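*Asks:* Next up is a structure, given as structure tokens.
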Amino acid sequence: MNGTAEKTEMQVGQVGECGGLSRFSLSQNNTIAMRLARGLCVLALVAACVTNRSWVLAAAAQSTDGAETAPPSPGEVPLEDPKLDKVPLIIDKLPPAGAGIDEIVVTAQKREENLQDVPISIGVLSDATIEDAGITEFDSLSEYVPNLSINAVTDTRTTAIRIRGIGQTGFNAGIEPSVGVLIDDIYQGRSGMVAALDLLDIERVEVLRGPQGTLFGKNTAAGAIRMITHRPTFEHEATLQTVFGNYGTTEVRGVVNVPIFDDKLATRVSGYYAANDGWDRNLFNGDLVNSSNKSGFRNRTLLQATDELELVFTGDWAQEDDTCCVSDILSYTGPSQLGVTFADMAESTGIPLPKVDPFDRVVDANQKPTNFLSIWGVALEANYDLPGVLSDHVLTSLSAYRHYDADALVDGDFSIYDAVIQQVMEDFEQASTELRIASPSGEDLEYVTGLYFYYQRNKTHDVTAIGPDFLSVDTPVNAALRTVVNADGYVTSTNMNDYHSYSYAAFGQATYHLTSQWSVTGGLRLTYERKSRSGTQVSDFKAPIGIFGPDITLNEEFDVFNPTPMIAVRYFPVEDIMTYASIARGFKSGGFNQLRTQGSRKTQFDDESGTSYEAGTRTTWLDQMITANATFFYSMYDDFQAQSFDGTSIFVTNAGSLTSWGFEGDLVLVPHPSVVLGTSLGFTRATYDVFDEAECTVEQVAEQGIGCLQDLSGKPLDNSPELTTYAFIQFEHMIPLPWETPAWLGPVMGTLRAEHSYSSSLYLQQDLDPNLTQGAYNIVNLRGGIRNADDRWDVTLWTRNVLDEDYNLVGFDTPIISGYAAVNGPPRTFGVTMTVRF
């Protein structure tokens, strides 16, 4: 943008790399005619989206003799101006002329950089985007960042995070995620620790696609999601927000920032409560389920101890206690692992099978679901400007402790029958510390190097119980099971595990600027991990049938050493165009199957590793009116940790190898100060190269017998759509009021935002069962409202999933019995959001 331009802020969104958004700056200058001429070919494409009034007002900014003059500010345009009275539109204020896309600053390489200069495929959502789009749920991020998938399965604890098709669910506590999630650069050991959180007071979210093993290390074979919260400032600030919507939606959020002592001490507190009644009715008892009930707070305190030393203390707590995620039966028919079908139970109990309608928003679970999570933690960050020969270097220490409890109970047959109950209790704690040194930016050689330690302990207790309705069916297996029922009429199988993990790493990354146009970056992380677990598998029934089997006591351990290098070459042919090529390696250590394993199945699985090749470009055009970015990737994974469900148990095995390749691109256009458009696209084709020992579908098991395997070599990964897209358009204009308004009320801006996201078809289960697929679907969101031009207040009406699209998030075989079930995506929701700022 013109360096002499006077900038003012407006609340209009902007797409960043592949779907990330932030507000853009507006500049008033005397070159509007030149800017419009240069952008004419682009504006023609979106002329239907820009009001005629915009062009009339732009023309009014010119003098009568053709000389260019600076347009007046909004407050300087009189309503009685005859030039404006001739325009039959409601907007009678002139927006600032000229618009540009503001720079997005990220810290993806652990130093502040312009997004357009970073040789990584990144999706960024700024605080403004999160606010403008009304994003409050962690799993909603996948709507805005192509090639990212986030889905809770039967509860928040089991949330699956995938990038470019790579990732797993959290069912089996012995498997760690392939996508690392970090909050203020603190790694979160379980996906449920972040899936339960509200996106309150977030400065930005960075989604780093592809292996990030060098700088972020722990379990980032597929990528990393970095959530950066707002730091305290030395200015008074307060925000209060309330939300009311259908399905009993009630939400309250607040933020207070207080400077305590001069420029030395400040604190920032944020808190939230968010709940709804649920959007599915349970046929069994008439209750509403799939509800939400979350609350939490965060405190960050900044101490500027000296000019050289800064300390930031963080403490947070969050809790979720709701009825997510009750599945809906897709079909009652199909093979049974233990010889009992739904039809058999209907006959033996006299309870008829309810009708099957996967999207009628009616479920029929006889057990009340439990989805309880409690998360808390503390952290201390210290930044010290080093003296002497290391002057201008910054030494950073970051240490944290986090604790996580989960209690999840699922009606395991998802039906009105008392057949299967599954409950998992998880007690998880972690401690981590990182010490690193970063050189000053702007030098020929820039580097960061450090040491990292991480410890976690995870104690799990899970129970699967066969109920009386199942046992009422006369079969030889049930005759044996009925001999060992407990006092409540159930036969149970119990697993208990105590899992320890230690991780030590040394890392470094350096960038050398060969010339003003060429630079090369190299990095290496050396990781040593040691894991152990002690566990028991105890069954009421000792024969190896389904989930049952002999009692087992396990004591296992292993260690592993792994290097994860990266190298990238970056070239600027001209100032506003950057191209790069990179090779990066990611790593995730093996683990233990902590759910019951049958027969000769291994109780351990091996390390997973991936190597990704990328080539991309970041471009800015027409004096920052347009940004266009693209990344091509080709990734190869060895010993991918595939998690599958065979109808009775969930276990992890190593696929031989797989390949994921594709493209990510985005475009943002600001043709006028009141309009911004953006679109992003992700294409991924992820297929197994070698996987000849994959789990069979239930129909294949019925035909070939227990223990059968299928060959999925050349077949696609589950939950990996080939095409995902996101697009939005946002308008903002001044609205005239017929009376003089006080400062707290006006000037008043009107806003309108429309969003569309698309996902192509996919398989819902790792065994690629054709009965568990999801077709392509579209999600459309709309928001519109008014706000004070100084951001003192706003009122927004919104609706999500306007088309009330029916789709499934996850699907699976109905455990132990027959048929299939799925968790539906949210229906159409609508409401109002009111925010005041002080």
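The values are calculated or read from the model by the stated rules, or taken from the named source; none is laboratory data. All values reported here derive from a predicted model rather than from experimental measurement. Positions of Cβ are backbone-derived with ideal geometry, glycine not excepted, and every protein chain shown enters the neighbour counts. SASA here: full protein model, heavy atoms, side chains in, ligands and nucleic acids out. Shrake-Rupley method; radii C 1.70, N 1.55, O 1.52, S 1.80 Å.
*Asks:* Would you check which residues across segment 270-305 are outside any strand (DSSP E or B) and open to solvent by less than 60 Å² (accessible area, probe 1.4 Å) and list them? Walk me through how you get there before you give the answer.
*Replies:* At the first step, the residues of segment 270-305 found to be outside any strand (DSSP E or B) are 277-279, 283-287, 290-291, 305.
Within segment 270-305, 278, 279, 286, 290, 291, 305 meet the criteria.
*Asks:* Same structure, new question: Can you say whether residue 315 is within 30 Å of the chain's Cα centre (by Cα) and either outside any loop (DSSP other than H, G, I, E, B) or of a type in the set (Val, Ile, Thr) (or both), as far as the supplied structure shows? Give the steps one after another, and end with the answer.
*Replies:* Working: within 30 Å of the chain's Cα centre (by Cα): yes; either outside any loop (DSSP other than H, G, I, E, B) or of a type in the set (Val, Ile, Thr) (or both): yes.
For residue 315, the condition - within 30 Å of the chain's Cα centre (by Cα) and either outside any loop (DSSP other than H, G, I, E, B) or of a type in the set (Val, Ile, Thr) (or both) - is met.
*Asks:* Something else: Name the one entry in 527, 460, 511 that is closer than 30 Å to residue 576 by Cβ, open to solvent by less than 20 Å² (accessible area, probe 1.4 Å), in contact (Cβ under 8 Å) with a residue 60 or more places away in the chain and not hydrophobic (A, V, I, L, M, F, W, C).
*Replies:* Within the list 527, 460, 511, the selection yields 511.
*Asks:* Continuing with this model, one more query. Got at least one residue in segment 405-428 being of a type in the set (Phe, Trp, Tyr), touching a His at 6+ places or on another chain (Cβ under 9 Å) and open to solvent by less than 50 Å² (accessible area, probe 1.4 Å)?
*Replies:* Initially, segment 405-428 is screened for residues of a type in the set (Phe, Trp, Tyr), giving 414, 417, 428.
Subsequent filtering for residues that are touching a His at 6+ places or on another chain (Cβ under 9 Å) retains 428.
When the remaining residues are screened for being open to solvent by less than 50 Å² (accessible area, probe 1.4 Å), the result is 428.
So far as segment 405-428 goes, yes, one or more of its residues are of a type in the set (Phe, Trp, Tyr), touching a His at 6+ places or on another chain (Cβ under 9 Å) and open to solvent by less than 50 Å² (accessible area, probe 1.4 Å).
*Asks:* Hey, does segment 466-481 have a residue that's open to solvent by 10 Å² or more (accessible area, probe 1.4 Å), part of a strand (DSSP E or B) and in contact with a strand residue (DSSP E or B) (Cβ under 7 Å, 6 or more places away or on another chain)?
*Replies:* Checked against the condition, which is being open to solvent by 10 Å² or more (accessible area, probe 1.4 Å), part of a strand (DSSP E or B) and in contact with a strand residue (DSSP E or B) (Cβ under 7 Å, 6 or more places away or on another chain), segment 466-481 yields no hits at all.
*Asks:* Here is a follow-up. From the list 631, 620, 684, which residue is in contact (Cβ under 8 Å) with a residue 60 or more places away in the chain, open to solvent by 10 Å² or more (accessible area, probe 1.4 Å) and under 29 Å from residue 569 (Cβ atoms)? Outline the logic, then answer.
*Replies:* Values: 631 fails: open to solvent by 10 Å² or more (accessible area, probe 1.4 Å); 684 fails: open to solvent by 10 Å² or more (accessible area, probe 1.4 Å).
Step by step, each of 631, 620, 684 is checked, and only 620 is in contact (Cβ under 8 Å) with a residue 60 or more places away in the chain, open to solvent by 10 Å² or more (accessible area, probe 1.4 Å) and under 29 Å from residue 569 (Cβ atoms).
*Asks:* So which pairs qualify, if the first residue must be in segment 797-822 and within 19 Å of residue 777 (Cβ to Cβ) and in contact (Cβ under 8 Å) with a residue 12 or more places away in the chain, the second must be open to solvent by 30 Å² or more (accessible area, probe 1.4 Å) and aromatic (Phe, Trp, Tyr), the Cβ gap must be under 8 Å, and the two must be at least 6 apart or on different chains?
*Replies:* 799/830; 800/830; 805/777; 806/359; 806/777; 807/777
*Asks:* Taking the stated definitions as given, is residue 738 buried (at least 22 other Cβ atoms within 10 Å of the Cβ), at negative phi and part of a loop (DSSP other than H, G, I, E, B)?
*Replies:* Values: buried (at least 22 other Cβ atoms within 10 Å of the Cβ): no; at negative phi: yes; part of a loop (DSSP other than H, G, I, E, B): yes.
In short, no.
*Asks:* From the residues in segment 431-440 that are polar (S, T, N, Q) and over 17 Å from residue 523 (Cα atoms), which one is farthest from the chain's Cα centre (by Cα)?
*Replies:* Going residue by residue through segment 431-440, those that are polar (S, T, N, Q) are 432-433, 439.
So of that shortlist, the ones also over 17 Å from residue 523 (Cα atoms) come out as 432-433.
Details: 432: 22, 433: 24 Å.
Among those that are polar (S, T, N, Q) and over 17 Å from residue 523 (Cα atoms), it is 433.
*Asks:* Please go through segment 334-364 and pick out each residue that is under 29 Å from residue 704 (Cα atoms), surrounded by fewer than 16 Cβ atoms within 10 Å (Cβ to Cβ) and of a type in the set (Asp, Glu).
*Replies:* 347
*Asks:* Further, regarding this structure: Would you check which residues across segment 104-119 are in contact with a helix residue (DSSP H, G or I) (Cβ under 9 Å, 6 or more places away or on another chain), in a loop (DSSP other than H, G, I, E, B) and open to solvent by 10 Å² or more (accessible area, probe 1.4 Å) and list them? Don't jump to the end; show me each part of the working.
*Replies:* First pass over segment 104-119, keeping only residues in contact with a helix residue (DSSP H, G or I) (Cβ under 9 Å, 6 or more places away or on another chain): 104-106, 108, 115-116, 118.
Next, only the ones that are in a loop (DSSP other than H, G, I, E, B) stay: 104, 108, 118.
Matches in segment 104-119: 104 only.
*Asks:* Here is a further query. So, in segment 820-838, of the ones that are farther than 19 Å from residue 361 by Cβ and not charged (D, E, K, R), which residue ends up surrounded by the fewest Cβ atoms within 10 Å (Cβ to Cβ)?
*Replies:* The first filter runs over segment 820-838 and keeps only residues farther than 19 Å from residue 361 by Cβ, leaving 832-838.
With not charged (D, E, K, R) added as a condition, the list becomes 832-836, 838.
Details: 832: 14, 833: 21, 834: 14, 835: 19, 836: 15, 838: 10.
Result: 838.
*Asks:* Something else: For segment 623-636, state whether one or more residues are acidic (Asp, Glu), touching a helix residue (DSSP H, G or I) at 6+ places or on another chain (Cβ under 7 Å) and part of a loop (DSSP other than H, G, I, E, B).
*Replies:* Just the residues of segment 623-636 that are acidic (Asp, Glu), to begin with: 623.
Still in the running and touching a helix residue (DSSP H, G or I) at 6+ places or on another chain (Cβ under 7 Å): 623.
Next cut, part of a loop (DSSP other than H, G, I, E, B) only: 623.
Yes - at least one qualifying residue is present in segment 623-636.
*Asks:* Which residue is surrounded by the fewest Cβ atoms within 10 Å (Cβ to Cβ), if the candidates are limited to segment 242-269 and must be under 26 Å from residue 289 (Cα atoms) and of a type outside the set (Val, Ile, Thr)? Can you show your working first?
*Replies:* Kept after step one, since they are under 26 Å from residue 289 (Cα atoms), are these residues of segment 242-269: 242-253.
From the residues that got through so far, the ones that are of a type outside the set (Val, Ile, Thr) too are 244-248, 251, 253.
Working: 244: 12, 245: 17, 246: 14, 247: 19, 248: 14, 251: 21, 253: 21.
Only one residue tops the list, namely 244.
*Asks:* I've got another one for you. What number of residues within segment 170-202 satisfy the criterion of being assigned to a strand (DSSP E or B) and either free of Cβ contacts under 8 Å to residues at least 12 places away in the same chain or open to solvent by less than 20 Å² (accessible area, probe 1.4 Å) (or both)? Before the answer, list the steps.
*Replies:* Quick first cut of segment 170-202, residues assigned to a strand (DSSP E or B) only: 179-183, 186-187, 198, 202.
Keeping just the survivors that are either free of Cβ contacts under 8 Å to residues at least 12 places away in the same chain or open to solvent by less than 20 Å² (accessible area, probe 1.4 Å) (or both) gives 179-182, 186-187, 198, 202.
Of the residues in that region, 8 qualify.
*Asks:* I'm trying to understand the selection: among the residues of segment 387-405, which are at pLDDT 95 or above and either assigned to a loop (DSSP other than H, G, I, E, B) or not β-branched (Val, Ile, Thr) (or both)?
*Replies:* The first filter runs over segment 387-405 and keeps only residues at pLDDT 95 or above, leaving 393-405.
Matches in segment 387-405: 393, 395, 397, 398, 399, 400, 401, 402, 403, 404, 405.
*Asks:* Only one of these conditions is not met by residue 705: (1) at pLDDT 95 or above; (2) surrounded by fewer than 17 Cβ atoms within 10 Å (Cβ to Cβ); (3) of a type outside the set (Lys, Arg). Which number is it?
*Replies:* In the conditions (1) at pLDDT 95 or above; (2) surrounded by fewer than 17 Cβ atoms within 10 Å (Cβ to Cβ); (3) of a type outside the set (Lys, Arg), residue 705 misses (1) alone.
*Asks:* Next up: If residue 712 satisfies every condition in (1) under 29 Å from residue 338 (Cα atoms); (2) open to solvent by 40 Å² or more (accessible area, probe 1.4 Å); (3) in contact with a Phe, Trp or Tyr (Cβ under 7 Å, 6 or more places away or on another chain) but one, which is the exception?
*Replies:* Of (1) under 29 Å from residue 338 (Cα atoms); (2) open to solvent by 40 Å² or more (accessible area, probe 1.4 Å); (3) in contact with a Phe, Trp or Tyr (Cβ under 7 Å, 6 or more places away or on another chain), only one is false for residue 712: (2).
*Asks:* Quick check on this structure: which one of 157, 162 is more than 19 Å from residue 758 (Cβ to Cβ), touching a strand residue (DSSP E or B) at 6+ places or on another chain (Cβ under 9 Å) and either buried (at least 24 other Cβ atoms within 10 Å of the Cβ) or in contact (Cβ under 8 Å) with a residue 12 or more places away in the chain (or both)?
*Replies:* Details: 162 fails: more than 19 Å from residue 758 (Cβ to Cβ).
Of 157, 162, the one residue that is more than 19 Å from residue 758 (Cβ to Cβ), touching a strand residue (DSSP E or B) at 6+ places or on another chain (Cβ under 9 Å) and either buried (at least 24 other Cβ atoms within 10 Å of the Cβ) or in contact (Cβ under 8 Å) with a residue 12 or more places away in the chain (or both) is 157.
*Asks:* Out of the residues in segment 482-500 that are touching a residue at least 60 places away in the same chain (Cβ under 8 Å) and part of a strand (DSSP E or B), which is farthest from residue 427 (Cα to Cα)? Please lay out each step first, then the result.
*Replies:* Restricting attention to segment 482-500, the residues satisfying the condition of being touching a residue at least 60 places away in the same chain (Cβ under 8 Å) are 490, 493, 495, 497, 499.
In the following step, the residues that additionally are part of a strand (DSSP E or B) were identified as 493, 495, 497, 499.
Values: 493: 20, 495: 14, 497: 10, 499: 10 Å.
Ranking the qualifying residues of segment 482-500, first place goes to 493.
*Asks:* Yes or no: residue 811 open to solvent by less than 30 Å² (accessible area, probe 1.4 Å), modelled with pLDDT of 95 or more and either within 26 Å of the chain's Cα centre (by Cα) or within 20 Å of residue 134 (Cβ to Cβ) (or both)? Spell out the reasoning first.
*Replies:* On the way: open to solvent by less than 30 Å² (accessible area, probe 1.4 Å): yes; modelled with pLDDT of 95 or more: no; either within 26 Å of the chain's Cα centre (by Cα) or within 20 Å of residue 134 (Cβ to Cβ) (or both): yes.
So residue 811 does not fit the description; no.
*Asks:* Next question, about the same structure. Taking the condition of being open to solvent by less than 40 Å² (accessible area, probe 1.4 Å) and in a loop (DSSP other than H, G, I, E, B), how many residues in segment 746-757 meet it?
*Replies:* To start, the set of residues in segment 746-757 that are open to solvent by less than 40 Å² (accessible area, probe 1.4 Å) comprises 746, 748-751, 753-755, 757.
In the following step, the residues that additionally are in a loop (DSSP other than H, G, I, E, B) were identified as 746.
Counting residues in segment 746-757 that are open to solvent by less than 40 Å² (accessible area, probe 1.4 Å) and in a loop (DSSP other than H, G, I, E, B) gives 1.
*Asks:* Something else now. For residues in segment 769-796 being open to solvent by 20 Å² or more (accessible area, probe 1.4 Å) and part of a loop (DSSP other than H, G, I, E, B), which is nearest to residue 711 (Cα to Cα)?
*Replies:* Among them, the one singled out is 770.
*Asks:* Also, quick follow-up: Restricting to segment 143-169, give me the number of residues that are basic (Lys, Arg) and assigned to a loop (DSSP other than H, G, I, E, B). So that I can check it myself, show each step before the final result.
*Replies:* Here is the first cut: in segment 143-169, the ones basic (Lys, Arg) are 157, 162, 164.
Now restrict to residues that are assigned to a loop (DSSP other than H, G, I, E, B): 164.
Looking only at that region, the number is 1.
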